[in-house]
Amino acid sequence: MEILIGYSNYAIALATMIGIYAIMALGLNIQWGLTGLFNLGIAGFFAVGAYASAILTTSDTTKHIGGFGLPVVLAWPLAMVAAAIIAWAVARICIRLRADYLAIATIGIGEILRLIFKNEQWATGGTRGISNISRPFEQLPGIWAPLAFLGLVLTLAMVAYWLAERGRTSPWGRVVQAIRDNEPAARAAGKNVETFRIQGFVIGSALMGLAGALTAHYFKFVGPEATDPLQITFLVWVMLIVGGNGSNRGAILGAAVIWTMWSASELVTSRLSGDWAHRAPFARLFLVGLILQIMLQHFPAGLMPPRRQVAAWRPRKPAAIVPQPPQVLPPF
């Protein structure tokens, strides 16, 4: 019975993290898959959401700023707003940069945000982080508490998927995809390219902030190690590439596949001993990199690439020729 409960708890934890990473992958798909924005500062916006929600919901303490005691119903939207405001400020400065330069700029901004959270002890607790964060449904008995939180995470992931899919098929989605495919043509058509790119960057970053808030409440703690770019930015990019760039369903599938492999590799490497135990983190990263190489070789478009708009280029039926009545000419 205890073994069954242990497997159930592991499955619930696995599904919970898949749901959280699926939200982040959907945010990245809006930025890169649809809008073509190369964001390598995912960990920074994730940290903004995590710390904002932790500060807004924890009780008063001398270790960090806080004492607001807001419920998560208010704290999570405010965390998304905080990440969106930071993203808007960043986008106003960097959105005109090309893909590679934008990637370098977002790396720097993500690191700046992470170092601020790590060193501003009066606000974030510094290296000690923020603990005793409340988790929804934690008062429920036994397995029902993590199961209820899993249901909440999956519900939010499905809502994010529905909104992302509606956005992709909307006129707004067609414009940002046109900007991604041919920016000069979209600009020549009268579209405000910078405005649409800023909108895509802000929406994607808000979803990353929501994922950070969910993670902080799930672990009941947030600290500098929880916002490591190697485990946030790198994994989310691999999830999107493996699932299918430009596909919302592929983003969710990639999150499920990569996080399952990442979690399973931890089970294997935790049994190593001696020097191999110290090499376990590098072995896990090597495994993820190897999977990425194999996927790019055999599935360059991902496991679930976006569906082609067949109807858009399907040849139309020729118009029926209506016979004209014979014209009777006058005799002269």
Exercise. Under 19 Å from the Cα of Lys191, which aspartates and glutamates turn up, not counting those fewer than eight places away in the same chain?
Worked result: Asp181, Glu183
For this session: Name the most mobile residue of Leu56, Leu163, Leu267, meaning the one with the largest mean-square fluctuation, in a Gaussian network model of the chain with Cα contacts below 10 Å.
Result: Leu267
For this session: Could you pull out every one of the aspartates and glutamates with an alpha carbon less than 19 Å from that of Lys220, ignoring same-chain neighbours closer than 8 positions?
Result: Asp60, Glu138, Asp228
For this session: Run the dipole for region 170-240 about the Cα centre, Lys and Arg Cβ at +1, Asp and Glu Cβ at -1, nothing else charged, and hand back the magnitude in debye, nearest 20.
Result: 280
Exercise. Between Ala189 and Leu4, what is the spin-label point distance in nm, taking each point 7 Å from the Cα along the Cα→C-beta axis?
Worked result: 5.8
Problem set entry | Loop-located GluC sites (Glu not before Pro) in region 84-191 whose Cβ has at most 14 other Cβ within 10 Å (DSSP) | Glu120, Glu138
For this session: Would you look at the GNM of the chain, springs on alpha carbons closer than 10 Å, and say which of Leu26, Leu210, Leu272 moves the most?
Result: Leu272
For this session: Give the residue from Phe221, Ala13, Leu102 lying farthest towards the positive end of the charge dipole for the chain; charges sit on Cβ (+1 for Lys and Arg, -1 for Asp and Glu) and the dipole is referred to the Cα centre.
Result: Leu102
Problem set entry | Size of charge dipole - the chain - debye, nearest 20, with Cβ of Lys, Arg +1 and Asp, Glu -1, no other charges | 1100
For this session: May I ask you to derive the relative contact order of the chain, considering only C-alpha pairs under 8 Å and at least 6 residues apart, and to give it as an integer percent?
Result: 29
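Probe radius 1.4 Å, ligands and nucleic acids ignored: give me the carbon and sulfur share of the accessible area of the chain as a rounded percent.
Working: 12210 of 18310 Å².
So the carbon and sulfur contribution to the accessible surface is 67 percent.
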For this session: Select from Ala75, Ala47, Ala213 the residue whose mean-square fluctuation is largest in a Gaussian network model of the chain (Cα-Cα springs shorter than 10 Å).
Result: Ala75
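What is the dipole size for region 116-274, taken about its Cα centre, with +1 at each Lys and Arg Cβ and -1 at each Asp and Glu Cβ, in debye to the nearest 20? Write out the running numbers ahead of the final one.
Working: 13 positive and 9 negative charges, 62 e Å.
It comes to approximately 300 debye.
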Seminar exercise, completed: For Leu140, other-chain or 5+-apart residues with amide H closer than 5 Å (H placed, Pro excluded) are none
For this session: Just check region 32-172 against the gyration tensor rule for me: Cα atoms, a ≥ b ≥ c as the square roots of the eigenvalues, rounded for a/c under 1.5, and otherwise prolate or oblate depending on whether a/b exceeds b/c.
Result: oblate
Exercise. Helix 280-298: angle to the longest alpha-carbon principal axis of the chain, degrees 0 to 90, nearest 10?
Worked result: 10
Problem set entry | Per residue value of the accessible surface for the chain (all protein chains in place, 1.4 Å probe), Å² | 55
Seminar exercise, completed: In nm, the gap between the two label points placed 7 Å beyond Cα toward Cβ at Ser263 and Met158 is 1.9
Problem set entry | Tensor-based shape of region 101-250 (alpha-carbon gyration tensor, a/c under 1.5 rounded, otherwise prolate or oblate) | oblate
For this session: Report, ordered by chain and residue number, the aspartates and glutamates lying within cross-link reach of Lys63, taken as a straight Cα distance under 19 Å and ignoring same-chain residues fewer than 8 apart.
Result: Glu120, Glu225
Exercise. If you take the charge dipole of the chain about its Cα centre, with +1 on Lys and Arg Cβ and -1 on Asp and Glu Cβ, which of Gly142, Thr124, Ala89 is farthest toward its positive end?
Worked result: Ala89
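Could you tell me which of rounded, prolate or oblate describes region 121-170, using a ≥ b ≥ c as the square roots of the eigenvalues of the alpha-carbon gyration tensor, with rounded for a/c under 1.5 and, failing that, prolate when a/b is larger than b/c and oblate otherwise? Provide the component values of the computation, followed by the final result.
Values: a/c = 5.07, a/b = 1.37, b/c = 3.69.
Verdict is oblate for region 121-170.
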Problem set entry | Label of the coordinate-derived value, Cα extents along the principal axes in Å, listed as [x] 108, 43, 40; [y] 64, 55, 41; [z] 58, 50, 33 | [x]
For this session: Enter the accessible area of Lys63 (Å², nearest 10), with the probe set to 1.4 Å and all protein chains included.
Result: 120
Exercise. Toward the positive end of the charge dipole of region 161-249, about the Cα centre and with charges on Cβ (Lys, Arg +1; Asp, Glu -1), which of Ala178, Gly212, Asn248 goes farthest?
Worked result: Ala178
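The values are calculated or read from the model by the stated rules, or taken from the named source; none is laboratory data. Please read all numbers here as calculations on a predicted model, not as lab measurements. Backbone-built Cβ (ideal geometry, glycine too); neighbour counts: all protein chains shown. Side chains are part of the model used for accessible areas, which takes the heavy atoms of the whole protein and leaves out ligands, DNA and RNA. Shrake-Rupley method; radii C 1.70, N 1.55, O 1.52, S 1.80 Å.
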